[in-house]
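The values are calculated or read from the model by the stated rules, or taken from the named source; none is laboratory data. Here the structure is a predicted model, which is why all the values come from computation and not from measurement. In this analysis, Cβ positions are derived from the backbone assuming ideal geometry, glycine residues included, and neighbour counts consider all displayed protein chains.
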Amino acid sequence: MKEILEAAGVAIYAAMAAVALGGIWFVILLVQRTAQKRLSRVAAEPFLKEIGELLGRREFDSVAELCDSPPWWSKATPQLILVAIEHRDRPVPQIRRLLAERFERDVLADLEYRSSWISTIVKSAPMLGLLGTVVGMINAFEEIAVASQSGISPEALASDISFALVTTALGLTIALPLVLAGNMIHVRIGRLTDSVQEDLGLFFDAFEPAVAAAGPAGRTGKTS
């Protein structure tokens, strides 16, 4: 029994290390992903101005080429504008719904899926710490139980109690920063959503008149 509990202690430390590294990895990944998808306000102004000028001349193909070229192809707003251009033969309200669905499915769903892992880690770390506490106390009571036969070892007892307390502290130490990081990620996702909505609003201000002026032929055919 003693050997099993000692092995469990090593496994708990290893699991907590893996959980901590996983949490850090997901935080870094989500920070990079939200930064990659968001179009900064400094970059958005000239980009949307150029889009508006091309739409004013009804150069839909040029808009598509611009959105599908570096550095815009990785951003959420140009990706959605490209979808709107490809489906410009549809009514504008339908295009708006399509873009909302695409943004929800292709961008937000992926971010929310990854952020859910941070929530899972936040819940798992204290549970691992609690498991370590239980294992440490069981070991301590084992030492007390055999004290009448061989004499209690203060060093072994202190080590078991220390393990119980250290794993609890480690679990909380892992969870607390990840709670703050998770909230930061949700704020960044919210800012991304607001930014995309603002950018698309400006895009549709130029897109609707351009589509209306192009007529049915211009919507389905190539223009230059």
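Numbers below:
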quantity: Every residue from segment 58-100 that is of a type in the set (D, E, K, R) and either in contact (Cβ under 8 Å) with a residue 12 or more places away in the chain or closer than 14 Å to ARG38 by Cα (or both); calculated: ARG58, GLU59, ASP61, ASP68, LYS75, GLU86, ARG88, ASP89, ARG96
quantity: Failed criterion for PHE204 (all others in (1) in a helix (DSSP H, G or I); (2) modelled with pLDDT under 95 hold); calculated: (2)
quantity: Tally of residues being more than 36 Å from the chain's Cα centre (by Cα) and either β-branched (Val, Ile, Thr) or at pLDDT 85 or above (or both) across segment 116-161; calculated: 6
quantity: Tally of residues being in contact (Cβ under 8 Å) with a residue 40 or more places away in the chain, of a type in the set (Val, Ile, Thr) and out of contact with any Ser or Thr (no Cβ under 9 Å at 6 or more places or on another chain) across segment 180-206; calculated: 1
quantity: Residue in segment 101-115 that is surrounded by 16 or more Cβ atoms within 10 Å (Cβ to Cβ), farther than 30 Å from HIS87 by Cβ and out of contact with any strand residue (DSSP E or B) (no Cβ under 6 Å at 6 or more places or on another chain) present; calculated: no
quantity: Some residue of segment 41-56 being part of a helix (DSSP H, G or I), farther than 20 Å from ALA210 by Cα, out of contact with any Phe, Trp or Tyr (no Cβ under 8 Å at 6 or more places or on another chain) and charged (D, E, K, R); calculated: yes
quantity: Any hit, segment 69-80, residues being over 30 Å from ASN183 (Cβ atoms), of a type in the set (A, V, I, L, M) and at pLDDT 95 or above; calculated: no
quantity: Matching residues, segment 39-81, being surrounded by fewer than 18 Cβ atoms within 10 Å (Cβ to Cβ) and of a type in the set (S, T, N, Q); calculated: SER40, SER69, SER74
quantity: Qualifying residue in segment 19-34 (condition: exposed (fewer than 12 other Cβ atoms within 10 Å of the Cβ), in contact (Cβ under 8 Å) with a residue 12 or more places away in the chain and assigned to a helix (DSSP H, G or I)); calculated: no
quantity: Lone unmet requirement of (1) in a helix (DSSP H, G or I); (2) in contact with a helix residue (DSSP H, G or I) (Cβ under 7 Å, 6 or more places away or on another chain) for SER116; calculated: (2)
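Per-residue answers, yes or no, for (1) touching a Ser or Thr at 6+ places or on another chain (Cβ under 6 Å); (2) at pLDDT 95 or above; (3) farther than 24 Å from VAL187 by Cβ:
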{"site": "ALA7", "(1), (2), (3)": "no, no, yes"}
{"site": "ALA11", "(1), (2), (3)": "no, no, yes"}
{"site": "ALA15", "(1), (2), (3)": "no, no, yes"}
{"site": "ALA35", "(1), (2), (3)": "no, no, no"}
{"site": "ARG38", "(1), (2), (3)": "yes, no, no"}
{"site": "ARG41", "(1), (2), (3)": "no, no, no"}
{"site": "GLU45", "(1), (2), (3)": "no, no, no"}
